[in-house]
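Taking it in order: structure first as C-alpha cells, then the write-up.
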Amino acid sequence: MSPGWKTALQKEKDQINYLVYEFKKSSPNLEIGIQNFFLSYYKSISMAMPEPKSDEDIVSSFHILVSLVQKGVLKESGGAIESLFFNILSKMNLIVNDGLSKPISYLINAASKLETSKQIKFFQQIDRLITIVSDLKEFSNTLVCFVWLNGRPEYRKEAIESFANLSLQVQEKIRIETKLQQHNFPSPYLDSFFGPFLPNLPSEFRYKLISGHPLLGGEMKQLPEVLSHNGRFFILSGNQSYELFFDSFGSSLFPTSEWKGTNQKSIQSKIWKVIQEKFFPEQEILSVIENEQFLLLTIQYSYQIYLFYRVNQA
C-alpha cells in the first residue's frame, strides 16, 4: 500500500471502523472477508492511484471493498478471479481520473452478465488490454464488446456500435484476443448472426443445441416451439414465453410476455431438407424457422432447440 493511501485511511479510521460495525449487523462474517482482501485491494488501488484524489475517494473506496465482499465477488483469497481482478485494478491508472467507483462497477456488472465458466476468460482478456484503454468511456465500450464475444448475443448491436468507437489499437487487440482477424470485423455481424456469408461461395454447416429442460439448465416445463416476428425470435413452452437471441458466440433466453409471431411445421429449403432428413423424421418436427443461413427447429420428443447454420469456409 502506498504511503498516500496508508495516511488517508488512518485519517478516516474512525469512520471506517463505524462502517464495519454497521455492516456487521447484517453480515456477521463481513469483517473476516474485509481482512482477507484489505491489503491486496489497497495495494492494487495504490498502483493505479498512488494517493486519493479527494476525501470522497477514501470512504468510497472502502464502500466498494465492502460491496465486493458482500456480493461474493471477492470470495477466495488467492483465487483465480480475485487475482485477476486485483491485477486489472492495479492497471486502471488511465481510467480512474474521476474516481474508482465507476470503473470497478462497470467491470463487475459486465462480468456478472456472463456464465461463471466464462468469467475467468473474460477477466483474462480485460487484464491483457487494460493498459491500452485510454479512458472510462473506452473502457465501457471494451467491456460491452467482450460481454458479446463471451456468449451474450443480445449485446451484438450495442457491441458493434461500441467497437466502432474504440481506438485502432484496442480494436486490433480484440481481434487478436478473439482470433477474429477479418479486417472489417465486426460489421458483418450487423446483418448476419454468424458473420460474413455469401450463399454462392462454399460453406460449411455447424450446429448448436439450446437447452430447455430444467435438468439440462433450462426452465421449460413443456415442449418448446419457435416463432419469429420482424426479425425477433420467441420460444413458447406451455404458458411460458421467452425471447431468443443467438449468434456465433452464444445463445440467451429471456422470459417475456410480449411475444408474437408465426412458424412452420415443415422445411421448405432443399438445403435444410437434407439436414433434417439426416437427423429427424419429418413427422417429428414440431416447429421450424428457416432462412438462407440458419435453421431453428424443435421436435416432438425433445426440450432442446436445434440451431443449424452455414458459414463461408475460410
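The values are calculated or read from the model by the stated rules, or taken from the named source; none is laboratory data. It should be emphasised that the depicted structure is a prediction, and the values quoted were computed from it without experimental measurement. Counting neighbours? That spans all protein chains shown, and the Cβs are built from the backbone with ideal geometry, glycine included.
Looking at segment 151-165, is at least one residue more than 26 Å from Asn312 (Cβ to Cβ), surrounded by fewer than 17 Cβ atoms within 10 Å (Cβ to Cβ) and free of Cβ contacts under 8 Å to residues at least 40 places away in the same chain? Looking for residues that are more than 26 Å from Asn312 (Cβ to Cβ), surrounded by fewer than 17 Cβ atoms within 10 Å (Cβ to Cβ) and free of Cβ contacts under 8 Å to residues at least 40 places away in the same chain, one finds at least one in segment 151-165, hence yes. Condition first: touching an Asp or Glu at 6+ places or on another chain (Cβ under 8 Å), closer than 27 Å to Tyr306 by Cα and hydrophobic (A, V, I, L, M, F, W, C). Now tell me which residues in segment 150-196 satisfy that. Phe193, Phe194, listed by residue number. Considering segment 102-182, the qualifying helices (runs of 4 or more DSSP H), each wholly inside and each with 1 or more residues that are at pLDDT 95 or above and charged (D, E, K, R), run over 116-129, 136-149, 156-164.
No other residue among Gln300, Gln293, Gln283 is among the polar types (S, T, N, Q), out of contact with any strand residue (DSSP E or B) (no Cβ under 8 Å at 6 or more places or on another chain) and modelled with pLDDT of 90 or more apart from Gln283.
From the list Ser77, Ser27, the lone residue that is hydroxyl-bearing (Ser, Thr, Tyr) and within 27 Å of the chain's Cα centre (by Cα) is Ser77. Residue check: Val274 meets all listed conditions (1) within 21 Å of Tyr301 (Cα to Cα); (2) under 26 Å from the mean Cα position of the chain (by Cα) but one, namely (2).
Confirm whether Glu51 is without any contact (Cβ under 8 Å) to a residue 12 or more places away in the chain and either assigned to a helix (DSSP H, G or I) or surrounded by fewer than 17 Cβ atoms within 10 Å (Cβ to Cβ) (or both). Taking the combined requirement at face value, the residue does not satisfy it.
Here Leu236 passes the criteria (1) without any contact (Cβ under 8 Å) to a residue 24 or more places away in the chain; (2) surrounded by fewer than 20 Cβ atoms within 10 Å (Cβ to Cβ) except the one numbered (2). Checked across segment 164-186, the condition of being among the hydroxyl-bearing types (Ser, Thr, Tyr) and closer than 30 Å to Lys260 by Cβ holds for no residue. Restricting attention to segment 53-62, does a residue exist that is closer than 18 Å to Asn93 by Cβ, of a type outside the set (A, V, I, L, M, F, W, C) and modelled with pLDDT of 85 or more? Among the residues of segment 53-62, at least one is closer than 18 Å to Asn93 by Cβ, of a type outside the set (A, V, I, L, M, F, W, C) and modelled with pLDDT of 85 or more, which makes the answer yes. Taking segment 21-48 as the search range and keeping residues that are assigned to a helix (DSSP H, G or I) and loosely packed, with under 13 Cβ neighbours inside 10 Å, which one is modelled with the highest pLDDT? In this case the residue turns out to be Leu39. The residue that is modelled with the highest pLDDT, counting only those in segment 183-196 that are assigned to a helix (DSSP H, G or I) and in contact with a Gly (Cβ under 9 Å, 6 or more places away or on another chain), is Tyr189. Only residues that are in contact (Cβ under 8 Å) with a residue 24 or more places away in the chain, polar (S, T, N, Q) and assigned to a loop (DSSP other than H, G, I, E, B) were counted across segment 291-314, and they come to 5.
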